[in-house]
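Worksheet for the structure shown next.
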Amino acid sequence: MGAQSQDRVQSTMSSQTDFLAERSESAKVNMAELNAMTDDELLFEIGRDSEAAYRLLVERHIDRGYAVAVRILRNPSDAEDVVQEAFLQVWTKRDLWQPDRARFSTWLYRVVSNRCIDLLRRPKVETMETLPELEDDRQDQVQSLVQQEASDTLKEAMTKLPDQQRIALVFSYNENLSNTEIAEIMDTTVSAVESLLKRGRQKLRHLLRSNGGEILSTFTNG
């Protein structure tokens, strides 16, 4: 996550916890103990109204949650909102968490991806994107612009994939998750994930070829 986006999200999350329910009278756990805890142990402490455990869980997972959201949505502001909503659920539903049902990261990815799908299905408002300016005509800057254009084309092609294919590719390529993990997050079968990835790759190659073969070669040269 970019520094500014991370600061905004964490600042918002911090301000939200400042207005949470009054602190519990139960014994407090010190930070050294919290840092050594697993996610499930932190969630247990959160269930006992520990704001310190909540803040630590947010710090552990907010970057990856945001990264997934922004890759799916390609809108940093919407991605921030999605992540904030997901983590707010952790606190407001803290007494409902069942540690044996799923890993926290699996739950987080599922909530984030589902919310992203909801946003993608809203009516879209087109916005103008600003191209980077060249300060001079040096070759490295020209190459940088070409690389950026190719990267933008790849991202644009990703937005044209069906939602489920795009999400499967994001988890596979950007998050390096196994097909089994993706199936758990997307609440489907491994064979269904394999099919999504295969069809997604095929469509992505078709879209990139439609924009010129040089786009594909840009990522393999040099």
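Details
- Rounded to whole numbers, the Karplus 3J(HN,Hα) couplings from phi for the range 84-96 are 4, 4, 4, 6, 5, 4, 4, 7, 5, 10, 4, 7, 9 Hz, using 6.51 cos²θ - 1.76 cosθ + 1.60 with θ = phi - 60°, and x at Gly and Pro.
- Note on Ser113, Ser77: ascending count of other Cβ atoms within 10 Å places them as Ser77, Ser113, the fewest first.
- Using a Förster distance of 35 Å, the FRET efficiency for Asp40-Leu119 (Cβ separation, nearest 0.05): 0.75
- From least to most packed, judged by other beta carbons within 10 angstrom and beginning with the fewest, Glu33, Glu80 follow the order Glu33, Glu80.
Any read-out appearing in this document is the output of simple, stated calculations on the displayed coordinates, not a laboratory observation. As the structure is a computational prediction, the values presented were derived from the model and not from experiment. Every residue, glycine as well, gets a Cβ built from its backbone with ideal geometry; the counts of neighbours run over all protein chains shown.
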